[in-house]
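Below: the structure, in structure tokens.
Read-outs throughout are calculated quantities, based only on the coordinates presented, and are distinct from any laboratory measurement. Just so we're clear, the structure is a prediction, and the values are computed from it rather than from any experiment. Glycine also receives a Cβ, built like all others from the backbone with ideal geometry; neighbour counts cover every protein chain displayed.
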Amino acid sequence: MSITVIYTIATLSVIGTSAAVILFFVAQKFKVNEDPRIDQVEEVLPSANCGGCGFAGCRAFAEACVKNGELADLYCPVGGNETMNTVASILGLEAVKKDPRVAFIRCNGTCDHRPKTSHFDGATTCAIASSVYSGESDCQYGCLGYGDCYDACDFDAIDLREGMGVPLILDDKCVACGACVDACPKDLIELRKKFPKDRKVVVACRNEDKGGVARKACSTACIGCGKCQKECKFDAITIENNLAYIDSDKCKLCRKCPPVCPTNAILELNFPPRKIKKEEKEECNTAK
Amino acid sequence: MLKTFKLGGVHPPENKLSADKEIQVLPLPKSVFIPVAQHIGAPATPTVKRGDEVKVGQVIAKSSSFVSTNIHSSVSGKVKKVDFSEDSSGYPKQGVFIDVAGDEWIDEIDRSEELAREFDIDGAEIIKKIQEAGIVGLGGATFPTHVKLVPPKGMKAEVLLINGVECEPYLTSDHRLMLEKADEILVGIQLLMKALNVEKAVIGIENNKPNAIQLLSEKTKNYKGILVQPLKVKYPQGGEKQLIKAVTGKEVPSGGLPIAVGAVVSNVGTAFAVYEAVQKNKPLFERVVTITGKGVSQPSNFKVRIGTSTSELVESAGGLPESTGKVISGGPMMGRAIASLEVPVTKGTSGILIMKEEESKRKDYIACIRCSRCVSVCPMGLEPYLLMTLSQKQIFDRAENDRVMDCIECGSCSYTCPSDRPLLDYIRFGKGKVGQIIRSKKK
């Protein structure tokens, strides 16, 4: 009986030792020399694996940083300048400074502004609804509200606001990875420059129809009248296809344009209330 | 002997309410909106502008490439504007608005009702006339007919199949046309045979239309090479590939065209349009449309000018019932719900179906119970439950490998699903995405 136990232990020990010896030499032979800096860089990245940098994940981005030799085209929007500076110091390179960005849904067509004229009862995703028809309201450019952006967001930065018709992006949680930008079939979401205290002045509309048609579909649609463009001293506003657009890189937040907009299509968000037109401002905030 | 296709298929209630209603001519509308994209392929380019006077049959938009067709005015009057308006795709599309004044036709059109049986022109000329008349497949797919009649190099058509199946429930426009214009259709078939240079044509008709089968079988005795093939009732037998399988027993290879098995398929409506174009010089500017539904007071078949708004059709059939839930352009299986009654009748509109609220409501869907009914009814032998999940999870490379592009969008899977899952919605979405990926790879 005891002999059997001894034989068993001896056999297993011999197999184990010989396997260890073989593996030792195999490991020597096929050793992969990986740059240790890849691990270091990966360590400081946010490990969100969101793909906002354009790579498959944080590891792939770290590899690209080390291999590339310069950081010109590489930027982690989640970590921002701080993370990129740390990455640069690890690699001994120069980091590119970029303005932080934040996503914004350029549609303010909530139920009270944009009446529904039909009812869609198919599969509730924006991608399918937009392939079937232009949407439940008469505006063919506006938000469908089924939340493909909400599903795409890994950071809980989108409030679906069910029943309101248009989701809301929470500025403090948004990391500008751009997942929602790709998910929106109506191309409504834009990554805009992030100003202090999340202030922004923005045209919340994408309707390219002529003024009358746009206004009929939605009470707060941009009608392309051009009043804001005349008001702007910084050439930040362009009008194309009956639609105004404010370039966030040129905008100085002077707040001259929102009061002249006849349809309240230009939103000013997170500002202290205006002194003179206090009532109007409050109305705008609730309508947001 | 009755034939049918082998794989899958369903039997939805037929509900052919308007089968014994003669084709009536719809009174002229006051204004029309004629979209310039009524066919598969490149949209036509408008050749008229605001204020122009047009006559019935005049070209108002010229085809811009080979796979495209001319668009003709269906009325006479003044062009109000060339602008965008919603069509049955649900999106605003470019088109010509015309205010109707009188009913003046261009001189070339022979307006007599007499049957013109004799013809003496060669195939190339027939194809040219078809191309100029703007004829597209009137079964619903609206593929330009002249493109079909020119087989790709190295391929030869052996048989012409004429689609008189009309497997969609409710619709009866093809059925009525076969009963009332049988001789015209047969001459149209002869013209198509000449254009294709084939000796044999088979008209496939499902045996729920015994009067059409009997009438055409008698008439074909006088026409050489044309046969009538009665078919068992099964949806989607009117699908091109299913009809070929049912009649010839041959299977079109995955991703291939019918011409790969030597067949060309045309609808009976198309054959009639070909007759009118070649023998009467009449371009395609009107078609037969069924207007039907359980709540509709007078389900009917109308001969309608292209561009007439749906609301006029609905009025002529007794008005919109109060309990209406959805108005569908096409049949209940493959049609599309329209969001506005201003949507015009186009070359592809075979019917307008008005569904009651309780019929049209879609139930909330629940989990897949793996019963595999969708697999057993799919006429293309696909796995709809799998394709839906792959599309939902956006795994498009696997969807492509599982032949999502072979889906003919017949809706049998969604129809049969006991969990009411929106299988076709997702598959169609996946098909669109895979198509995009394939096209971008080719570039």
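The distance from the alpha carbon centre of the range B:35-71 to that of the range B:239-311 is 21 Å, rounded to a whole number.
Between A:Lys252, A:Lys97, A:Lys29, where does the largest GNM mean-square fluctuation fall for chain A, given springs only between Cα atoms within less than 10 Å? Residue with maximal mean-square fluctuation among A:Lys252, A:Lys97, A:Lys29: A:Lys29.
Measuring nothing but how far apart in sequence close Cα pairs (under 8 Å, 6+ apart) lie, relative to its length, chain B scores a relative contact order of 19 percent. Could you tell me what percent of the DSSP beta bridges with both partners in the protein assembly as shown are antiparallel, to the nearest 5? Within the protein assembly as shown, antiparallel bridges account for around 70 percent of the total. Only sites in a loop by DSSP and with at most 10 other Cβ atoms within 10 Å count here; which chymotrypsin sites (Phe, Trp or Tyr not before Pro) in the range A:1-55 make the cut? Those satisfying the criteria are A:Phe30. Normalised by the number of residues in the range B:373-442, the mean separation of alpha-carbon contacts (under 8 Å, six or more apart) gives a relative contact order of 38 percent.
Bridging of A:Lys275 to lysines at a Cα separation below 21 Å is possible for A:Lys197, A:Lys200, A:Lys252, A:Lys256, A:Lys288, once same-chain residues fewer than 8 apart are set aside.
When the dipole is taken about the Cα centre of chain B, and only Lys, Arg (+1) and Asp, Glu (-1) are charged at their Cβ, what size is it in debye, to the nearest 20?
1560
Here's the list of aspartates and glutamates a cross-link from B:Lys80 could span, going by alpha-carbon distance under 13 Å and ignoring same-chain residues fewer than 8 apart: B:Asp52, B:Glu53, B:Asp99. The mean sequence separation of alpha-carbon pairs under 8 Å and at least six residues apart, normalised by the residue count of chain A, gives a relative contact order of 14 percent. Only aspartates and glutamates eight or more places from B:Lys62 in sequence, or on another chain, were considered; those with a Cα closer than 15 Å are B:Glu132. Of the trypsin sites (Lys or Arg not before Pro) in the range B:1-68, the ones in a loop by DSSP (not H, G, I, E or B) with at most 14 other beta carbons within 10 Å are B:Lys6, B:Lys30, B:Lys49, B:Arg50.
Here each label is just a point 7 Å from Cα along the line to Cβ, and for B:Val25 and B:Lys78 those points are 2.6 nm apart. Return, in residue-number order, each cysteine of chain B whose C-beta is not under 4.7 Å from any other cysteine's C-beta. Cysteines of chain B left without a disulfide-compatible partner: B:Cys167, B:Cys368, B:Cys371, B:Cys378, B:Cys407, B:Cys410, B:Cys417. Note on the protein assembly as shown: with charges restricted to the Cβ of Lys and Arg (+1) and Asp and Glu (-1), its dipole about the Cα centre is near 600 debye. Remark: the range B:96-112, residue by residue, has Karplus-estimated 3J(HN,Hα) of 10, 8, 10, 8, 7, 9, x, 8, 9, 9, 5, 5, 5, 6, 8, 8, 5 Hz, where x stands for each Gly or Pro and the curve is 6.51 cos²θ - 1.76 cosθ + 1.60 at θ = phi - 60°. Annotation for the range A:161-188 versus the range B:354-432: alpha-carbon center distance of 28 Å. On the beta carbon distance between B:Asp52 and B:Glu315, with R0 = 25 Å, the FRET formula returns roughly 0.30.
Report the paramagnetic label zone for A:Asn33: residues of the range A:47-87 whose backbone N is under 11 Å from a point 7 Å from Cα along the Cα-to-Cβ axis. No residue passes the distance filter.
Among the residues of B:81-92, the average count of other protein chain beta-carbon atoms within 10 Å of the residue beta-carbon is 3.
Taking square-rooted eigenvalues a ≥ b ≥ c of the alpha carbon gyration tensor, is chain B rounded, prolate or oblate, where a/c under 1.5 means rounded and, failing that, a/b exceeding b/c means prolate? Judged from the Cα gyration tensor, chain B comes out rounded (a/c under 1.5).
For the pair the range A:192-243 and the range A:9-84, the centres of their Cα atoms are 47 angstrom apart. For trypsin sites (Lys or Arg not before Pro), the sites in the range A:99-182 that DSSP calls loop and that have at most 13 other Cβ atoms within 10 Å are A:Lys173.
Taking amide H as placed 1.01 Å from N in the peptide plane, the amide H of B:Val136 sits under 5 Å from that of B:Thr145, each at least 5 places away or on another chain. Extents of the protein assembly as shown, largest first, come to 98, 91, 48 Å (Cα atoms, principal axes, whole angstrom). Once you list every other residue whose beta carbon is under 10 Å from the beta carbon of B:Lys55, what net charge do they have if Lys and Arg are +1 and Asp and Glu are -1? Its environment carries a net charge of -4.
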